[in-house]
Structure formats: C-alpha cells, structure tokens
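Input: a single structure, listed below in structure tokens.
Here, each number is a calculation from the coordinates, and none is a lab measurement. This is a predicted model, so every value here is computed, not measured. When we count neighbours, we look across all protein chains shown, and the Cβ atoms used for this are built from the backbone with ideal geometry, even at glycine.
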Amino acid sequence: MSAAIASATGAVNAVNAVNAVNAVNAVNTASAANAAVTAAAAARPAAAEPPRAPVVPRGIYRIELTRALCKACGLCVAWCPQKVLEADDRGYPRVARIADCVNCKACERHCPDFAIEVIPPHEPEERSR
Ligand code: SF4
Ligand code: SF4
C-alpha cells in the first residue's frame, strides 16, 4: 500500500470514529431528554377528580294524567323503563315510584291519547289538572 493510500484510509477511519461518537452522543441526549420528561410527568400532581353528578336527575318530575282522555290501554305502564307507573285495578296508570323517574318521557310519547304528561320541576303547580 502506498503512503498516500494509507494516509487516506486513516483519515476515513478517523471520520468514521467521530461519526460513531456523535451517534452515541445523540442517543444519550435523547435518553436524557426522555428521562427528564418522564420525571416531570411523575412529579406533576394528579388532576383533581371533577365532582360527579348524576347524568339524569331522578324523581324531580311530576307525572300528570288527564283521566278524561285516558282509555286505560296500559301503553304508558308498559313503556316506562323504570317501572314508575303501575296499572290500578281498572287499568288506569298510577304513579307508584316517582323517585325512579328519569324524565325519559317514554310514557308521554307512547300515549295515543295525549293523556299523560311529564312535568319538569320548574313548571308551576297551577298547571296541575
Ligand atoms: S318519564 Fe320515563 S321514567 Fe318517568 S314515568 Fe315516564 S316513562 Fe317512566
Ligand atoms: S298510554 Fe295514555 S291512554 Fe294508555 S293508559 Fe297510559 S295514559 Fe292512558
């Protein structure tokens, strides 16, 4: 091998060695940054849980029946998912468990005669029939 070739080879090897060191340094720097981020996340206080409220307030509605319109078909009783309504001995609906009412209005929507109504709590009492 000539002296010129040997010298060039040495130079290339030196450059490769520098590149290898730089690559290791880059990995170390990235690892240190990741560790810092992880430590910061661990040190951050946990977010306080927001206060939980029922998604659907229960038992704050009134159910009103217009007896003159009701034909005692039982649809409202059958559709109520909460078993709030029961049929009396003549088949007319009566409110048995108002505390379980979730204001879904299934009873009101399925009544073919518009005889039953779900009244929100802000409605005045005078509305009662
Ligand atoms: S509003 Fe819903 S839960 Fe309440 S009585 Fe009517 S069907 Fe039942
Ligand atoms: S669905 Fe209407 S008509 Fe039938 S029982 Fe209920 S309130 Fe009466």
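Tabulated results
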{"quantity": "Selection from the range 65-122 of residues that are among the small types (Gly, Ala, Ser), under 23 Å from Val55 (Cα atoms) and surrounded by 12 or more Cβ atoms within 10 Å (Cβ to Cβ)", "calculated": "Ala96, Ala106"}
{"quantity": "Subset tally (residues that are at positive phi and either within 9 Å of ligand 2 (Cβ to nearest atom) or hydroxyl-bearing (Ser, Thr, Tyr) (or both)) for the range 79-113", "calculated": "1"}
